[in-house]
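Take a look at the structure set out below.
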Amino acid sequence: MEHSVDLDTQAGAQTQEDFMRQLSQTFEKLPYDIPIYMFINQGEDDVFAQANRQIVRAFRELSSKITFKEYFLDHELARKWNIEHSPTLLIAPERVNIRWLGAPLGEEGKTFLETLLFVGMGKSNLNEQTVKVLKKIDSPRNVKVFVSATCPYCPQEAVNAVRAAIEMPELISVEIVDTQCEPELANQYSAHSVPQAFANDILIGQGAQTEEVFALSLQKMEPQTIFIPESDAELVENDLVIVGGGPAGLTAGIYAVRSGLNATVIERDALGGQVATTPIVENYPGFTQVGGKTLVDILVSHALEYVQIYPGEEVIDVEPGSPIIVQTSRRKFETKAILFATGARHRNLGVPGESRLSGKGVSYCSTCDGPLFKGKKVIMVGGGSSAVTEALHLVNMGVDVTLVHRQDKLRAQEVLTKQLSNAGIPVLWNTEVREILGKERVQEVLLYNNQTNEETNYKTDGVFIAIGYEPTVGLANKLGIELTEDGYIKHDEKHRTNIPGIYSAGDVEGGYKQIVTASGQGSAAALTIFEDLIHPYWLQQKS
């Protein structure tokens, strides 16, 4: 979106006053008014309703375009617009059907801001491919997107739905559901992991999707994983394509452009990789303690000053050569070099019930899903630093958590082990999860003690899993890039792979899997690429 991109890229360099002034000017230039209505139960005034008043008041002070009216659920307008939940926000209901069940707190503040801007513009700014897919829809779609204030992935999915509703208001309606405000509704849909999107009560998306994949899922009424453009994508020519927008990729982009290269970062998921869902980072130089998402925002803001970033875009194919052809879900790139900074993904347990109940009590992200389990009993599977950190985070959220570890000693850092003990988190030693049980959601797990060979059924509301990561090497493997015995990309001391012009950096190389090492590898790889493009080592080898 033109407005939000300008705001995001400039906010870091401007004072808060300048930022608010620019935001006010942006709203005043919008062609449409933005009336907002809130409906609440008479006699009730909970924290969500209070938060809505404060949030909307802040926006009203910025622009006369925004108006706000409040009614009880027994008002005739509530009946006219079929309002049943308190509080509910309606945004420009005479033009579009977009409602918010709860309040846009935390991460969802971004969604609310973008929603207001899109509604005020009166257009979705969706790309041509996405619009073509949406135009194939010929029957109503009532979309529900379940979100939480702590989920960094939720805004992308919620905004997808909002933009679709603005593009086709006659057929598409949207409800953004705050799971903390509406836990019963979340339970009704078994939405125990966010974001999740439903259309006409059918699951169409679990996790953040690109706009094209969301549109295709909405059109086909079932989750889609890939979108192939119907026509040739836009062609981009540059020196370096960096695949992956985590610490390694973002740092590489900064160093590449500062060296004089024309570089691009492509990231199919949330920028920042694993860091975006890390509750607290305590070992990154310069920050005694910083939230993972906050650190990602700093990295992205810095990178945007130098490098073009394409978020929500997936690399589908790579053709080595001169130039190297990179085909993504949206466009084609012709480049001189590629850096794989694709990172690693969480490892699955691989036990019965895990995939079936994923998002229904099985989770890999305490930051995203932890608030849904406040006051409930869960287990955290794992014994490394990540598992202990996530367990501590869950306890701080008010979750009753037990650590389950297959060995008799933790692999976590000593400082984390002490914090675990101080927090009083129990540990089931020498214990493995054999099966995850439940009909519609997690109800219990089958545990196996590998010392006594005993099996027991353990009641739990959720299973959080943090047992390590697997490198994301699908593309590398397809290209014939050599891998190590552990499945990571094999490289030399300068991050070169066995294929000239293709490099690697970060967690996809294995090693310590720390933010600081990934950033260091990204910078080193970028400097190598700059030197190699000036003096190609593969040409020297031939001579």
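At a glance:
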| item | result |
| --- | --- |
| Subset of the stretch 206-223 (residues that are at pLDDT below 95 and either under 14 Å from the mean Cα position of the chain (by Cα) or in a loop (DSSP other than H, G, I, E, B) (or both)) | Q206, G207, A208, Q209, T210, E211, E222, P223 |
| Residue list for the stretch 444-465, restricted to those being surrounded by 13 or more Cβ atoms within 10 Å (Cβ to Cβ) and in contact (Cβ under 8 Å) with a residue 40 or more places away in the chain | V445, L447, N450, Y458, T460, D461, G462, V463, F464, I465 |
| Considering residues of the stretch 429-442 that are free of Cβ contacts under 8 Å to residues at least 40 places away in the same chain and either of a type in the set (D, E) or within 25 Å of S358 (Cβ to Cβ) (or both) only, the residue surrounded by the most Cβ atoms within 10 Å (Cβ to Cβ) | T431 |
| Count - residues of the stretch 488-521 that are of a type in the set (G, A, S), modelled with pLDDT of 95 or more and more than 18 Å from K336 (Cβ to Cβ) | 4 |
| In the stretch 330-352, the residues that are buried (at least 21 other Cβ atoms within 10 Å of the Cβ), polar (S, T, N, Q) and outside any strand (DSSP E or B) | T342 |
| Search result, residues across the stretch 502-530 that are buried (at least 23 other Cβ atoms within 10 Å of the Cβ) and in a loop (DSSP other than H, G, I, E, B) | A505 |
| Test: residue in the stretch 302-324 that is among the polar types (S, T, N, Q) and part of a loop (DSSP other than H, G, I, E, B) | yes |
| Unique match (being over 30 Å from I242 (Cβ atoms) and not assigned by TED's automatic domain parsing to the domain that holds Q451) among P323, P352, P311, P371 | P352 |
| Residue list for the stretch 531-543, restricted to those being part of a helix (DSSP H, G or I) and modelled with pLDDT under 90 | Y537, W538, L539, Q540, Q541, K542 |
| Residues located in the stretch 126-153, provided they are in contact with a Gly (Cβ under 9 Å, 6 or more places away or on another chain) and without any contact (Cβ under 8 Å) to a residue 60 or more places away in the chain | V145, V147 |
| Of all residues in the stretch 310-329 being touching a helix residue (DSSP H, G or I) at 6+ places or on another chain (Cβ under 7 Å) and surrounded by 21 or more Cβ atoms within 10 Å (Cβ to Cβ), the one that is farthest from E211 (Cα to Cα) | V318 |
| Filter result for the condition that a residue is under 12 Å from L372 (Cβ atoms) and either surrounded by fewer than 24 Cβ atoms within 10 Å (Cβ to Cβ) or in contact with a Ser or Thr (Cβ under 9 Å, 6 or more places away or on another chain) (or both), over V194, V162, V143, V131 | V194 |
| Search result, residues across the stretch 391-404 that are surrounded by 23 or more Cβ atoms within 10 Å (Cβ to Cβ) and out of contact with any Phe, Trp or Tyr (no Cβ under 6 Å at 6 or more places or on another chain) | A391, L394, V401, L403, V404 |
| Which numbered condition K360 misses (of (1) part of a loop (DSSP other than H, G, I, E, B); (2) at pLDDT 95 or above; (3) on the phi < 0 side of the Ramachandran plot) | (2) |
| Any helices (runs of 4 or more DSSP H) falling wholly within the stretch 12-124 and containing at least 3 residues that are out of contact with any Lys or Arg (no Cβ under 8 Å at 6 or more places or on another chain) and of a type in the set (A, V, I, L, M, F, W, C) | 16-29, 47-60, 108-121 |
| Complete set of residues in the stretch 165-187 that are surrounded by 24 or more Cβ atoms within 10 Å (Cβ to Cβ) and among the polar types (S, T, N, Q) | T179 |
| Which listed residue is among the charged types (D, E, K, R), within 15 Å of I465 (Cβ to Cβ) and not in a strand (DSSP E or B), from R406, R411 | R406 |
| Residue count for the stretch 131-168, restricted to those that are farther than 25 Å from E107 by Cβ and not in a loop (DSSP other than H, G, I, E, B) | 4 |
| Pairs, first acidic (D, E) in the stretch 483-511, second part of a loop (DSSP other than H, G, I, E, B), C-beta under 8 Å, six or more apart | D486/G510; D507/G246; D507/G343; D507/K513; E509/Y488; E509/H491; E509/H495 |
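Residues are listed down the side, and each one gets a yes or a no for (1) surrounded by fewer than 19 Cβ atoms within 10 Å (Cβ to Cβ); (2) under 19 Å from E114 (Cα atoms); (3) of a type outside the set (F, W, Y):
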| residue | (1), (2), (3) |
| --- | --- |
| F19 | yes, yes, no |
| Q22 | yes, yes, yes |
| L30 | no, yes, yes |
| I40 | no, no, yes |
| E44 | yes, no, yes |
| V47 | yes, no, yes |
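The values are calculated or read from the model by the stated rules, or taken from the named source; none is laboratory data. Because the structure is a prediction, the values reported are computed rather than measured. Cβ coordinates were reconstructed from backbone atoms using ideal geometry, including for glycine residues, and neighbour counts include every protein chain displayed.
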